[in-house]
Amino acid sequence: MSNYHIKHFEEYFQVYRKSINDPIAFWEEIAEEHFSWRKTWDNVLSWDFSKPEVKWFDGAQLNITENCIDRHLRNRGDKTAIIFEPNDPSEPAEHITYKQLHERVCKFANVLHDKGIKKGDRVCIYLPMIPELAISVLACARIGAIHSVVFAGFSSTALSTRIQDCDAKMVITADGGFRGAKTIDLKGIVDDALRDCPTVKSVLVAKRINSNIHMEPGRDEWLKPLLDDSYKDYTAEVMDAEDPLFILYTSGSTGKPKGMMHTTAGYMVYTAYTFKNVFQYREDDVYWCTADIGWITGHSYIIYGPLANGATTVMYEGVPSHPNYGRFWEIVQKHKVNQFYTAPTAIRALAKQGTEHLEKYDLSSLKVLGSVGEPINEEAWHWYNDNVGRKKCPIVDTWWQTETGGIMITPIPFSTPTKPTYATLPFIGIQPTLMNDEGEEITDNQVNGKLCIKFPWPSMARTIWGDHKRYKDTYFSAFENMYFTGDGAIRDEVGYYRITGRVDDVIIVSGHNLGTAPIEDAINEHPAVVESAVVGFPHDIKGNALYGFITLKETGETRDHENLRNEINMVITEHIGAIAKLDKVQFTEGLPKTRSGKIMRRILRKIASKDTDNLGDISTLLNPEVVASIKDNAV
Ligand code: WT7
């Protein structure tokens with residue numbers, strides 16, 4: 001029996017038990033048999049959640065790109081590694097073989113090297129979903145530079161904060177990007193961001209939209225001529241197992257984003273192993289994850305996990321609705337996609353269009369359907385199952401986080417019986433548990449609690465860049481000796497988990513993780529605003545939408561409220577990005593507060609969700625009188 005590829009349910013239990021009873025022997029075997037190492041480890045695992053400090057495969061040496069590219073050259077050199085599907089369906093797709101990927105990554109690595117980028121330097125990547133994005137990520141990994149990919153939908157302020165936080169030396173961007181019917185001026189955003197980023201010495205610019213952009217002399221250079229002149233081989237830097245591979249920012253409950261730092265060996269082993277099993281990838285399959293590489297899903301399951309398995313991975317530049325809502329299905333048919341991985345918000349948007357688009361395409365290649373990013377509601381689950389999978393493709397509802405690096409709770413397709421809205425069982429090696437508010441572990445089933453993980457897994461983030469204390473406070477202080485996820489979950493009678501959502505001040509809107517604090521900070525920048533509170537409310541397509549309660553300096557009808565709403569959303573767009581715009585705005589006389597001055601979000605959440613029959617005890621509030629008027633004026 002190979003522990004690397006699980007094929008039925010009894011095997012899952014056997015392997016799971018092994019992985020829990022003797023994690024060291026288990027992970028050692030996986031690492032030994034399926035990866036190439038320059039030197040193997042001295043110690044498989046050392047850990048202490050009280051510090052917290054976790055090391056996997058310490059003492060080992062490797063380069064992740066040798067595992068994702070070089071070792072496939074002999075048997076899979078002419079196999080397609082990446083299929084690039086452009087935004088515009090009339091532009092031909094690009095098939096990049098493993099050999100070509102090797103050459104392009106090496107050339108890019110030489111460019112980085114020539115620009116003075118060295119092992120350990122931070123490189124910020126702000127690119128649309130074009131091949132240069134995957135290639136630049138891999139080129140950083142090849143030379144040992146730490147990549148920090150920033151989603152190209154973020155604003156210049158958000159980009160600048162992220163560049164400053166990790167003192168990036170270089171930014172890699174494009175003249176612009178195509179997204180549906182829109183073009184996005186990425187270089188202009190970078191120019192704005194770089195006004196306050198003295199550490200950035202060079203900017204490399206890929207050409208995508210052929211627009212006339214400003215090139216700053218001495219700082220900015222077009223990528224193509226540099227790549228054309230560069231040598232086609234590059235000896236991979238030898239990295240230690242625990243050397244940082246990348247930083248990826250995620251929202252937190254205070255204004256500053258958290259730079260989650262992931263390291264090399266454990267991340268590689270876990271993303272590769274989960275990819276193989278969660279998608280049941282077979283040699284000639286074509287796999288497509290619709291996420292953007294700017295999020296962890298793209299890092300782990302467009303680039304590293306698939307390539308470590310020698311897979312063919314699709315990268316799609318555009319959006320589901322352009323030129324029409326049949327675009328995803330057209331791509332599935334065109335590239336004969338076997339595994340399809342997307343977010344519930346996309347499924348809901350597509351479901352709203354009915355099945356007319358689906359019926360035009362041949363989807364018979366599909367074998368496994370994945371869901372990620374937020375809870376999938378029952379209706380969306382069934383629509384996906386009945387119409388996309390035609391009841392023949394298991395749905396893998398995969399729960400995980402930027403912090404976990406890889407998939408944590410998921411069915412294994414063709415093995416685990418699925419249950420709508422349940423992410424089901426822990427993946428191999430993962431030990432989840434539920435905690436109650438008294439800080440005790442809940443041992444029985446059919447209960448609701450706070451989801452924690454009891455034991456380290458190879459791809460967990462090791463720290464928050466530059467702020468280890470915040471890492472400890474956020475994840476390891478709520479419960480002793482546990483990683484706290486920030487999510488609530490229910491466990492049913494057979495031990496299946498259903499993730500119910502965040503229990504902190506993070507709201508997931510269209511699958512994007514948004515902290516309320518940074519949005520409130522942005523709103524409060526508007527000169528007319530005294531203070532604000534942002535909460536989520538249920539939304540058919542986005543899952544959650546944002547509701548802002550805002551107190552103005554001048555009350556009454558003295559301001560044009562419609563204009564003010566638009567202005568506030570513009571401030572949010574400038575500070576964070578359009579993804580954080582408010583769906584509803586209510587101007588209030590004041591916000592309900594506790595005696596210690598904390599805003600009572602619980603009440604605001606109920607008002608925003610129109611669930612006002614029982615607002616709970618408001619008598620202990622500092623200002624109970626504001627509640628009635630907020631409730632009466634709810635929008
Ligand atoms: C948060 C993490 C992990 C990739 C994308 C999001 C929510 C994620 C599920 C799921 C219910 C889910 C959680 C989690 N989430 N997957 N299958 N069911 N909720 O990464 O931006 O770090 O967000 O997304 O609340 O904590 P992220």
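The values are calculated or read from the model by the stated rules, or taken from the named source; none is laboratory data. Values in this document were obtained by computation on a predicted structure and should not be read as measured data. A quick note on method: Cβ atoms are made from the backbone with ideal geometry, for glycine too, and the neighbour counts reach across all protein chains shown.
Kindly indicate which of GLY466, GLY449, GLY486 is among the small types (Gly, Ala, Ser) and not in a strand (DSSP E or B). Working first, answer last.
On the way: GLY449 fails: not in a strand (DSSP E or B); GLY486 fails: not in a strand (DSSP E or B).
On inspection, the qualifying residue turns out to be GLY466.
Could you go through the stretch 262-271 and let me know if any residue there is closer than 27 Å to PHE328 by Cα, away from the ligand (no atom under 11 Å from the Cβ) and over 13 Å from the mean Cα position of the chain (by Cα).
Yes, there is a match, as at least one residue in the stretch 262-271 is closer than 27 Å to PHE328 by Cα, away from the ligand (no atom under 11 Å from the Cβ) and over 13 Å from the mean Cα position of the chain (by Cα).
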Could you grab the pairs with beta carbons closer than 8 Å, sequence gap of 6+ or different chains, first residue in the stretch 337-357 and without any contact (Cβ under 8 Å) to a residue 12 or more places away in the chain, second one assigned to a loop (DSSP other than H, G, I, E, B) and surrounded by 23 or more Cβ atoms within 10 Å (Cβ to Cβ)?
none
Which residues, counting only those in the stretch 499-546, are within 23 Å of the chain's Cα centre (by Cα), away from the ligand (no atom under 14 Å from the Cβ) and in a strand (DSSP E or B)?
VAL534, VAL535, PHE537, PRO538, HIS539, ALA545, LEU546
Hand me the list of helices (runs of 4 or more DSSP H) wholly inside the stretch 262-340 holding 3 or more residues that are at pLDDT 95 or above and buried (at least 24 other Cβ atoms within 10 Å of the Cβ).
265-278, 305-308
Look at the stretch 412-443 and say how many of its residues are crowded, with 22+ Cβ neighbours inside 10 Å and free of Cβ contacts under 8 Å to residues at least 60 places away in the same chain.
1
Starting from the stretch 449-460, take each residue that is over 10 Å from TYR267 (Cβ atoms) and list its partners that are in a loop (DSSP other than H, G, I, E, B) and aromatic (Phe, Trp, Tyr), counting only C-beta distances under 8 angstrom and pairs at least six apart or across chains.
LYS450/PHE479; CYS452/PHE479; PRO456/PHE49
Within the stretch 20-53, take every residue that is in contact with a Leu (Cβ under 8 Å, 6 or more places away or on another chain) and within 13 Å of TYR4 (Cα to Cα) and give me the one that is surrounded by the most Cβ atoms within 10 Å (Cβ to Cβ).
TRP27
Please list, ordered by residue number, the helices (runs of 4 or more DSSP H) wholly in the stretch 145-249 having 1 or more residues that are within 17 Å of VAL123 (Cα to Cα) and under 24 Å from the mean Cα position of the chain (by Cα).
156-166, 186-193
Please count how many residues of the stretch 472-481 are within 15 Å of the ligand (Cβ to nearest atom) and surrounded by fewer than 21 Cβ atoms within 10 Å (Cβ to Cβ).
2
Taking the condition at positive phi and out of contact with any strand residue (DSSP E or B) (no Cβ under 7 Å at 6 or more places or on another chain), does GLY218 pass?
yes
Does the stretch 28-44 include one or more residues that are under 27 Å from the mean Cα position of the chain (by Cα) and more than 19 Å from MET239 (Cα to Cα)?
yes
Sort through GLY405, GLY326 and tell me the only one that's in contact with a His (Cβ under 7 Å, 6 or more places away or on another chain) and within 16 Å of the ligand (Cβ to nearest atom).
GLY405
Check ALA141, ALA93 and return the single one that is small (Gly, Ala, Ser) and buried (at least 24 other Cβ atoms within 10 Å of the Cβ).
ALA141
Among LEU615, LEU621, which is part of a loop (DSSP other than H, G, I, E, B) and in contact with a helix residue (DSSP H, G or I) (Cβ under 6 Å, 6 or more places away or on another chain)?
LEU615
If you check PHE279 against the conditions, is it within 16 Å of the ligand (Cβ to nearest atom), among the aromatic types (Phe, Trp, Tyr) and touching a Lys or Arg at 6+ places or on another chain (Cβ under 9 Å)?
yes
Taking the residues in the stretch 343-366 that are closer than 19 Å to ALA291 by Cβ and in a loop (DSSP other than H, G, I, E, B) as candidates, determine which candidate is farthest from the ligand (Cβ to nearest atom).
LEU366
Residues located in the stretch 532-570, provided they are in contact (Cβ under 8 Å) with a residue 24 or more places away in the chain, within 26 Å of SER156 (Cβ to Cβ) and surrounded by fewer than 19 Cβ atoms within 10 Å (Cβ to Cβ)
LEU564, GLU567
